[in-house]
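Following: one structure in structure tokens, then a few remarks.
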Amino acid sequence: MLILTRKSGEMIAIGDEIKIYIQEIRGNQVKIGIKAPADVTVHREEVYLRIQEENRLAAKATVEQMQAAAELVGSRNA
Amino acid sequence: MTENPVDESVVAVETTRFGRIEAPANKVIHLLGGLLGYPKSQRFILWNHEDSKLRWLQSLDEGSLAMPVTDPKLFFPDYHIKIKRDELAALRVTSAEELVVMVILSLRDDPAEMTANLKGPIIIHALRLIGRQVVLKDAPYSTRHLLFPELRATRLREPQVEL
């Protein structure tokens, strides 16, 4: 992992299109601005992990569970 | 009539749940970046479970990857999402009519326990069939919303053991 030291107000460039701006440092909190193209998604890691974890759980669904769920939910035409 | 040996209008995949399936190429949904945690799967098909309101989103790149999905409006009529303009632009969506929203379901052995991930819906351009899973930032939704909260509450009140 590359470790850089930056001061408040300084930036980091990743490739041509991604810029990370250190907006403010106060105590143990850093306020960071991120400029990235629309097709690059940026999330707080904990949010990203929560969605990832839920996707993993959803992917465990079995045909039997689907059958039981479908019976409870009913048909599209009902 | 001679049969075409390689039918390019069909994408075939061996799945773990449904055996070999053939997806018409014009029904293939491309999810940019895949689903979070599964970046290698980008091509999917909606696979019906009979005529249920629930369907499978089956990967065409990994036969073992499929998730139950549904139209959130069927269960959460007040569900309202705000998608950032640049995210819509990446899908070339210009009006709300072009947008299809689906949510992923997590099933459990007791169907009353099934939940919908309202925090990370999938948005798809209805005609281009290009979409992505988005993460809603400032929305009051979580990754686990019960579809039938009343049902579950009732069951929890029932005695576990009859005396």
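Only helices enter the 222 nm calculation for chain A: every DSSP H run of n ≥ 4 contributes -39,500 (n - 2.57), and dividing by all residues gives -10000 deg cm²/dmol, rounded to 500. Look at where the Cα atoms of region A:4-78 and of region B:74-98 average out, and the two centres are 17 Å apart. Highest GNM mean-square fluctuation among A:Ala36, A:Ala59, A:Ala13, for chain A modelled with Cα contacts below 10 Å: A:Ala59.
Over the protein assembly as shown, the reciprocal of the mean inverse Cα-Cα separation, the Kirkwood hydrodynamic radius, stands at 20.2 Å. Label-to-label distance, B:Ser95 versus A:Leu72, with points set 7 angstrom from Cα along the beta-carbon direction: 3.9 nm.
Taking the C-alpha atoms only, the angle from helix A:45-58 to the longest principal axis of chain A is near 20 degrees. If each DSSP helix of 4+ residues adds -39,500 (n - 2.57) and the sum is divided by the residues in chain B, what number results at 222 nm, nearest 500 deg cm²/dmol? Helix-only estimate at 222 nm: -2500 deg cm²/dmol.
By the beta-carbon count within 10 Å of each Cβ, the least crowded to most crowded order of A:Met11, A:Met1, fewest first, is A:Met1, A:Met11. Size estimate for region B:89-154 follows the Kirkwood approach: the inverse of mean 1/r over distinct Cα pairs works out to 13.3 Å.
How about B:Lys137: which lysines have a C-alpha closer than 18 Å to its C-alpha, ignoring those fewer than 8 places off in the same chain? Straight-line reach from B:Lys137, under 18 Å: A:Lys31, A:Lys35, B:Lys82, B:Lys84, B:Lys119.
Taking 25 °C and 0.890 mPa s as the conditions, I'd like the Stokes-Einstein D for region B:13-59 in µm²/s, using the Kirkwood hydrodynamic radius from alpha carbon pairs. In µm²/s, the coefficient rounds to 213. With a cut-off of 8 Å between alpha carbons and a minimum separation of six or more residues, what is the relative contact order of region B:1-151 in percent? The normalised contact order for region B:1-151 reaches 18 percent. Projecting label points 7 angstrom from Cα along Cα→Cβ for A:Ile22 and B:Ile81 puts them 3.6 nm apart. Counted residue by residue at 0.36 nm each, then reduced by the alpha carbon distance between them, the extension gain from A:Arg44 to A:Thr62 reaches 3.4 nm. For B:Lys119, the amide hydrogen comes within under 5 Å of the amide hydrogens of B:Ser142, B:Thr143, counting only partners 5 or more places away or on other chains and with H modelled in the peptide plane. Of all the options B:Pro121, B:Pro39, B:Pro77, the one that moves most in a Gaussian network model of chain B with Cα springs shorter than 10 angstrom is B:Pro77.
If you sort the three axes of the alpha carbon gyration tensor as a ≥ b ≥ c, you get a/c of 1.5 or more for region B:15-163 and a/b no higher than b/c, which makes it oblate. Summary value for region A:1-55: 22 percent relative contact order, contacts being C-alpha pairs under 8 angstrom separated by 6+ residues. State log₁₀ I(q)/I(0) for chain A at q = 0.18, 0.27 Å⁻¹ as given by the Debye formula over alpha-carbon point scatterers of equal weight, solvent excluded. Once normalised to I(0) and log-transformed, intensities are -0.90, -1.22.
Each value in this text was obtained by applying a stated rule to the coordinates, not by laboratory testing. What you see is a predicted model; the values in this text were computed from it and never measured. Neighbour counts run over all protein chains shown; Cβ positions are idealised from the backbone, glycine included.
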